[in-house]
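Here the structure comes first, spelled out in structure tokens, and everything after it is commentary.
The values are calculated or read from the model by the stated rules, or taken from the named source; none is laboratory data. Computed from a predicted structure; not experimentally measured. All Cβ positions, even for glycine, are placed from backbone atoms using ideal geometry, and neighbour counts span all protein chains on display. Ligands, DNA and RNA are excluded from the accessible area calculation, which covers all protein heavy atoms including side chains. Shrake-Rupley method; radii C 1.70, N 1.55, O 1.52, S 1.80 Å.
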Amino acid sequence: AMAKQFSSGVKREGAVVHFESNEDDPMTGVIDLLAKQKTREYVQIQLEGGIAFGTGEHPTTQLCLDWVRDKVEEQLENDYGDNSINFIDYGAGSGVLGIAAAAVVRDFNQSKRRSKKEPGATKSINAVGVEIDADAIHIANNNAKMNQVEMVNYLPTLDSLDGESLSVVMRAIQKKRNKALKSLPDEMNGPIFDLCVANILAGPLVSLAPTIASLVKSGGEIGLSGVLATKADSVADAYQISMTRT
């Protein structure tokens, strides 16, 4: 789980969310080294949350936005020999985290093009969301289009669901408006992702640990949030076991 604290790094103006890294937190002693190195401009995204979780204002979403920006920028600034980043948000809600990741890459490329220095290779991101709520998938896909970024949202694979979740998904796909929704494709249902974030709750995070861990490539990173301090150890233990097996 992420330890960095976040007090007011998200600013909301109507339906527009700006996010940036926080200053050092004097209460925890946590230091944002990347913020020390340079001043970062806001990355702006527009959201229509509706019934989908993730407006950018909840503290766990703010934590995740901070983590996502840090990790995506690390990928962009380091030459790994690959100009593409694979990113997945498990439990995507409104799509805010995947959209934010894609927006960071978009702004990075625009900055490169404006630079008088050698622009270098253009970077790309494959941003994917997984969500059990069909209505949230529609909202997330619309939010991605509104922000002019590529993020596709899918239902979970059926074999990853428990009985209750499977029932929810099966009822949803019976509705006419959901006929076009698809489960996570086979080519994405494996260890291909550089970065994975899951902002859910401790119980689902633990039960989904084998599934989520199986999506992250060797050397990839997972950011987990939505966890009470009293549940942190059980979540960490579940992922330590699952990542060791993966």
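Any residue that is within 15 Å of the chain's Cα centre (by Cα) and either at pLDDT 85 or above or part of a helix (DSSP H, G or I) (or both) - is there at least one of those in the stretch 104-116?
Taking the stretch 104-116 and keeping what is within 15 Å of the chain's Cα centre (by Cα), we get 104-105.
Filter again for either at pLDDT 85 or above or part of a helix (DSSP H, G or I) (or both), leaving 104-105.
Yes, some residue in the stretch 104-116 is within 15 Å of the chain's Cα centre (by Cα) and either at pLDDT 85 or above or part of a helix (DSSP H, G or I) (or both).
Does I132 meet the test of being in a strand (DSSP E or B), of a type in the set (V, I, T) and open to solvent by 10 Å² or more (accessible area, probe 1.4 Å)? Steps first, please.
Numbers: in a strand (DSSP E or B): no; of a type in the set (V, I, T): yes; open to solvent by 10 Å² or more (accessible area, probe 1.4 Å): yes.
No, not satisfied.
Confirm whether D133 is of a type in the set (D, E), modelled with pLDDT of 90 or more and out of contact with any strand residue (DSSP E or B) (no Cβ under 6 Å at 6 or more places or on another chain). Talk me through it step by step, then tell me what you get.
Values: of a type in the set (D, E): yes; modelled with pLDDT of 90 or more: yes; out of contact with any strand residue (DSSP E or B) (no Cβ under 6 Å at 6 or more places or on another chain): yes.
Yes; evaluated as a whole, the condition is true for this residue.
Open to solvent by 40 Å² or more (accessible area, probe 1.4 Å) and closer than 15 Å to N199 by Cα: does that describe D89?
On the way: open to solvent by 40 Å² or more (accessible area, probe 1.4 Å): no; closer than 15 Å to N199 by Cα: yes.
Criteria not met by D89.
Test V169 against the criterion of being aliphatic (A, V, I, L, M), surrounded by fewer than 22 Cβ atoms within 10 Å (Cβ to Cβ), assigned to a helix (DSSP H, G or I) and in contact with a strand residue (DSSP E or B) (Cβ under 8 Å, 6 or more places away or on another chain), and give yes or no.
Details: aliphatic (A, V, I, L, M): yes; surrounded by fewer than 22 Cβ atoms within 10 Å (Cβ to Cβ): yes; assigned to a helix (DSSP H, G or I): yes; in contact with a strand residue (DSSP E or B) (Cβ under 8 Å, 6 or more places away or on another chain): yes.
For V169, the condition - aliphatic (A, V, I, L, M), surrounded by fewer than 22 Cβ atoms within 10 Å (Cβ to Cβ), assigned to a helix (DSSP H, G or I) and in contact with a strand residue (DSSP E or B) (Cβ under 8 Å, 6 or more places away or on another chain) - is met.
Out of L181, L97, report the one residue that is touching a Cys at 6+ places or on another chain (Cβ under 7 Å), outside any strand (DSSP E or B) and under 25 Å from T61 (Cβ atoms). Don't jump to the end; show me each part of the working.
Working: L181 fails: touching a Cys at 6+ places or on another chain (Cβ under 7 Å).
Sole residue among the options that is touching a Cys at 6+ places or on another chain (Cβ under 7 Å), outside any strand (DSSP E or B) and under 25 Å from T61 (Cβ atoms): L97.
Only one of (1) aliphatic (A, V, I, L, M); (2) open to solvent by less than 60 Å² (accessible area, probe 1.4 Å); (3) more than 22 Å from S84 (Cβ to Cβ) is not met by A180, so which one is it?
(2)
Go over the candidates N147, N189 one by one and state the one that is open to solvent by less than 20 Å² (accessible area, probe 1.4 Å) and more than 14 Å from I132 (Cβ to Cβ). Show your work before the answer.
Details: N189 fails: open to solvent by less than 20 Å² (accessible area, probe 1.4 Å).
Among N147, N189, only N147 is open to solvent by less than 20 Å² (accessible area, probe 1.4 Å) and more than 14 Å from I132 (Cβ to Cβ).
Please verify whether V169 is at pLDDT below 90 and of a type outside the set (K, R), treating the condition exactly as stated. Spell out how you get there, then give the answer.
Details: at pLDDT below 90: no; of a type outside the set (K, R): yes.
Considered against the rule, which asks whether it is at pLDDT below 90 and of a type outside the set (K, R), V169 comes out as no.
Please give the number of the condition S160 fails out of (1) open to solvent by less than 80 Å² (accessible area, probe 1.4 Å); (2) modelled with pLDDT of 95 or more.
Every listed condition holds for S160 apart from (2).
Cβ-Cβ below 6 Å, separation at least six or inter-chain, first residue in the stretch 56-73 and touching a residue at least 24 places away in the same chain (Cβ under 8 Å) and open to solvent by less than 40 Å² (accessible area, probe 1.4 Å), second of a type in the set (V, I, T) and assigned to a helix (DSSP H, G or I): which pairs?
So the pair list comes out as G56/V96; R69/V104; V72/V104.
Give me the pairs: first residue in the stretch 181-210 and touching a residue at least 24 places away in the same chain (Cβ under 8 Å) and closer than 22 Å to A100 by Cα, second residue aromatic (F, W, Y) and surrounded by fewer than 16 Cβ atoms within 10 Å (Cβ to Cβ), beta-carbon distance under 9 Å, and six or more apart or on different chains, which are they?
Hits for this filter: D194/Y80.
For the structure I just gave you, tell me whether L195 is among the aliphatic types (A, V, I, L, M), outside any helix (DSSP H, G or I), at pLDDT 95 or above and closer than 23 Å to N86 by Cα.
Values: among the aliphatic types (A, V, I, L, M): yes; outside any helix (DSSP H, G or I): yes; at pLDDT 95 or above: yes; closer than 23 Å to N86 by Cα: yes.
Considered against the rule, which asks whether it is among the aliphatic types (A, V, I, L, M), outside any helix (DSSP H, G or I), at pLDDT 95 or above and closer than 23 Å to N86 by Cα, L195 comes out as yes.
Identify all residues within the stretch 182-202 that are more than 13 Å from Y90 (Cα to Cα) and either in contact with a helix residue (DSSP H, G or I) (Cβ under 8 Å, 6 or more places away or on another chain) or basic (K, R) (or both); write none if there are none. Even if it seems obvious, please write down each step before you answer.
We begin by selecting, within the stretch 182-202, every residue more than 13 Å from Y90 (Cα to Cα); these are 182, 185-187, 190-192, 194, 202.
Scanning the stretch 182-202 gives K182, D194, A202.
Name the single residue, out of those in the stretch 204-243 being touching an Asp or Glu at 6+ places or on another chain (Cβ under 9 Å) and open to solvent by 50 Å² or more (accessible area, probe 1.4 Å), that is nearest to E187 (Cα to Cα).
Ranking the candidates gives K217 first.
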